[in-house]
Amino acid sequence: MPTHAAPAVEARGLTKRYGDFEAVRAIDFSIARQECFGFLGVNGAGKTSTMKMIYCRTTKTSGRLDVFGMDAAAHPREIKARIGVVTQDNALDPELTAAENVMVYASFFGITGATARAKTAALLRTMNLEGKERARIAELSGGMKRRVAIARALVNDPEMLVLDEPTTGLDPQARLAVWQQLLDFRARGITLVMTSHYMEEAARLCDRLVIMDDGRILAEGTPRSLIEQFAAPEVLELIGIDLGALRVPLDGLVRRQERHGEITYLYTDDNAALLAHLASSGISAPQHVARPATLEDVFLNLTGRELAE
Amino acid sequence: MNPLAAIFHRNAWNVFRRDFMAWQKYAFSSVAINIFEPMAWFLAIGFGLGAYLTLGKSSLVQFIAPGMLGLAALNAATFDACWGAYERLNFNGVYESMVTAPVDPLEIAAGEYLWQAFRATLYGAIFLVVIAGFGLVHSWWCLLSLPLLALCGILFAMPGLAVAFLVKTQEHLFYYFSFVTTPMAMIGGVFFPLDKLPHWLQNIAWCTPLYHSVQIFRALISGALTPNLLWDLLWLIVAIALLAYVPVPFLRNKLAR
Ligand SMILES: Nc1ncnc2c1ncn2[C@@H]1O[C@H](COP(=O)(O)OP(=O)(O)O)[C@@H](O)[C@H]1O
Ligand SMILES: [Mg+2]
């Protein structure tokens, strides 16, 4: 099996249907070893369905999906032995303690007895859960539960971690703690595959990401290249001013312009130059927000600023 | 692979161990609940009603006592195979996390068979001790009821798990209790001999696993063994071999969603 040269995950025309409904529509992507790869999208975009196919929980309807060079539908056992999975809902066993959760899971990888106990203690320590070993899951906060789930996913020393919305529902401190852990794993050479609907999270953690909407991939690249391609380095938000109505010439300073409600969004290379130009055109000291562009702008440009539902 | 062969897979024992670890935390209440109710039936019918009735040379309580072993196995395995497994599948994410590890649903089913075998053996053994205490056990053959209890646990687990893996809501489990297990307990030869029942009802009784297990339990407790019992044993073994496959596709289907 060509498991060494192969990318961590490779998908071509990957499609998942539930009955008549197409949740993932012929997507292509390739995840390199040791990178952090993100799937960004709103609820219902098809992120979880894609993750489930990668970690061999469910099988594709059509297309190709290889993990470590092996067909995911044909080699679930081999693939599962080499990856760690954190599902969207943690799937922690509420009838067991934190440590028992990790130990039982370890047993499915053939790790038992003293080895399992030592490994469990070490992993819970890494995830800052000392003193919580004997706590029932219901006694833990959302952030702690998530960390137990991550500790459990690490028990087989996975080459790749698949995390479905690892920080959704966590408070800001807990989210920071998870981010720090994920950055550590990445530094240790573990391939990370994650989903998120937080743009900031994806921008911080992911080497590369795709933006998913309605089962399709709309764009792919590094956070920086996506901003370059689908937004601009900077954004000027003008409040209550309709430039179109004022017929102000923008002299090529604005790459792209949008208006939503009372706000006009101007995508530009240089906010200072743009503001100076507006002042010279008679719009002095407008009510505005000048800021660098973010993935959020990319996302909204690609999927539209209106509420879909 | 055959689900019975999967009983020897390491993962089946890991699933068993998980169930045991969870059960340990509420073992006392679980035993109390599973023993108290059948015990009340046993005392009320055996001694209460039995005071007014005799069955030839034997007393009603003597008749019922071995039947309680079959009933204990039925209750112990059915309750957890239905209610417990439904929660492990649908509420607690227990199976969901197992299949993110290299575990096949087949091994989960096999592990649950083992676990229900344990429950049936334990709760049945407690009953054995109780009826021995009442002086209702007359033979050392009674020790063979322990492996028979394990066999019954596996057998009763299979349809229970199939139902748990099939139904859409937990309330639907009551259909199985009301239409299958409770009537089976009534006509399975636990509480009264079947020879005065209409023929068609006797035929239905013959189709239940409880009937065959109770025939054997009764012989093991009294010591009056006959070669005919081998047919009852064969019936149980064939039923296990056939039913072993049934829950697996339902579980596989639910977990692949
Ligand atoms: N098991 C399922 N059966 C039917 N529809 C499903 C199932 N799982 C997901 N879907 C549907 O597929 C779409 C994508 O869902 P999902 O992959 O969970 O997206 P995301 O994780 O991005 O929110 C949604 O519209 C969802 O309702
Ligand atoms: Mg999701």
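The values are calculated or read from the model by the stated rules, or taken from the named source; none is laboratory data. Since the structure is predicted, the reported quantities are computational estimates derived from the model, not experimental observations. Ideal geometry is used to build each Cβ from the backbone, glycine not excepted, and the neighbour counts take in all protein chains shown. Please note that ligands, DNA and RNA were not included when accessible areas were found on the heavy atoms of the full protein model with its side chains. Shrake-Rupley method; radii C 1.70, N 1.55, O 1.52, S 1.80 Å.
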Residue among A:Ala202, A:Ala174 that alone is of a type in the set (A, V, I, L, M) and more than 16 Å from ligand 2 (Cβ to nearest atom) = A:Ala174
Of the candidates B:Ala72, B:Ala132, the one satisfying the condition of being aliphatic (A, V, I, L, M) and either touching a residue at least 24 places away in the same chain (Cβ under 8 Å) or not in a helix (DSSP H, G or I) (or both) is B:Ala72
Only one residue in A:Val148, A:Val178, A:Val155 is assigned to a loop (DSSP other than H, G, I, E, B), of a type in the set (Val, Ile, Thr) and either more than 17 Å from the chain's Cα centre (by Cα) or more than 16 Å from ligand 1 (Cβ to nearest atom) (or both), so which one is that?
-> A:Val155
Quickly run through the stretch A:184-224 and pick out the residues that are of a type in the set (Lys, Arg) and free of Cβ contacts under 8 Å to residues at least 60 places away in the same chain.
-> A:Arg188, A:Arg204, A:Arg224
Check on A:Gln173, in contact with a helix residue (DSSP H, G or I) (Cβ under 8 Å, 6 or more places away or on another chain), polar (S, T, N, Q) and under 19 Å from A:Val193 (Cβ atoms) = no
What residue, of B:Asn34, B:Asn11, B:Asn92, is away from every other protein chain (no Cβ under 14 Å), open to solvent by less than 40 Å² (accessible area, probe 1.4 Å) and polar (S, T, N, Q)?
-> B:Asn34
Among the listed residues A:Ala116, A:Ala91, which satisfies the condition of being away from ligand 2 (no atom under 16 Å from the Cβ) and assigned by TED's automatic domain parsing to the domain that holds A:Ile150?
-> A:Ala116
Members of the stretch A:1-55 found to be among the hydroxyl-bearing types (Ser, Thr, Tyr), assigned by TED's automatic domain parsing to the domain that holds A:Thr195 and either part of a loop (DSSP other than H, G, I, E, B) or near ligand 1 (Cβ under 8 Å from one of its atoms) (or both), listed by number | A:Tyr18, A:Thr48, A:Ser49, A:Thr50, A:Tyr55
Select, from B:Tyr86, B:Tyr113, the only residue that is buried (at least 24 other Cβ atoms within 10 Å of the Cβ), more than 22 Å from A:Pro76 (Cα to Cα) and in contact (Cβ under 8 Å) with a residue 24 or more places away in the chain.
-> B:Tyr113
Residues of the stretch A:107-135 being in contact (Cβ under 8 Å) with a residue 12 or more places away in the chain and over 19 Å from B:Val15 (Cα atoms), which ones?
-> A:Lys119, A:Ala121, A:Leu123, A:Leu124, A:Thr126, A:Met127, A:Asn128, A:Leu129, A:Lys132, A:Glu133, A:Arg134, A:Ala135
Flagged in the stretch A:13-54 as within 14 Å of chain B (Cβ to nearest Cβ), within 16 Å of ligand 2 (Cβ to nearest atom) and out of contact with any helix residue (DSSP H, G or I) (no Cβ under 7 Å at 6 or more places or on another chain), in numbering order, are A:Tyr18, A:Phe21, A:Thr48, A:Ser49, A:Met51, A:Lys52, A:Met53, A:Ile54
Qualifying positions in the stretch A:21-43 - farther than 14 Å from A:Ala219 by Cα and modelled with pLDDT under 95 = A:Val42, A:Asn43
Out of the residues in the stretch A:87-110 that are under 30 Å from A:Thr50 (Cβ atoms) and open to solvent by 30 Å² or more (accessible area, probe 1.4 Å), state the one that is farthest from the other protein chains (Cβ to nearest Cβ).
-> A:Gln88
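Which ranges mark the helices (runs of 4 or more DSSP H) fully within the stretch B:206-257 that have 3 or more residues being aliphatic (A, V, I, L, M) and over 30 Å from A:Ala23 (Cα atoms)?
B:209-222, B:229-243
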Quick one: would you say B:Tyr123 is modelled with pLDDT of 95 or more, crowded, with 18+ Cβ neighbours inside 10 Å and more than 16 Å from the chain's Cα centre (by Cα)?
-> no
Please specify each residue of the stretch A:56-71 satisfying the condition of being within 16 Å of ligand 1 (Cβ to nearest atom) and either surrounded by 19 or more Cβ atoms within 10 Å (Cβ to Cβ) or within 10 Å of chain B (Cβ to nearest Cβ) (or both).
-> A:Cys56, A:Arg57, A:Thr58, A:Thr59, A:Lys60, A:Leu65
Restricting attention to the stretch B:153-177, which residues are open to solvent by 10 Å² or more (accessible area, probe 1.4 Å) and over 16 Å from the mean Cα position of the chain (by Cα)?
-> B:Leu166, B:Val167, B:Lys168, B:Thr169, B:Gln170, B:Glu171, B:His172, B:Phe174, B:Tyr175
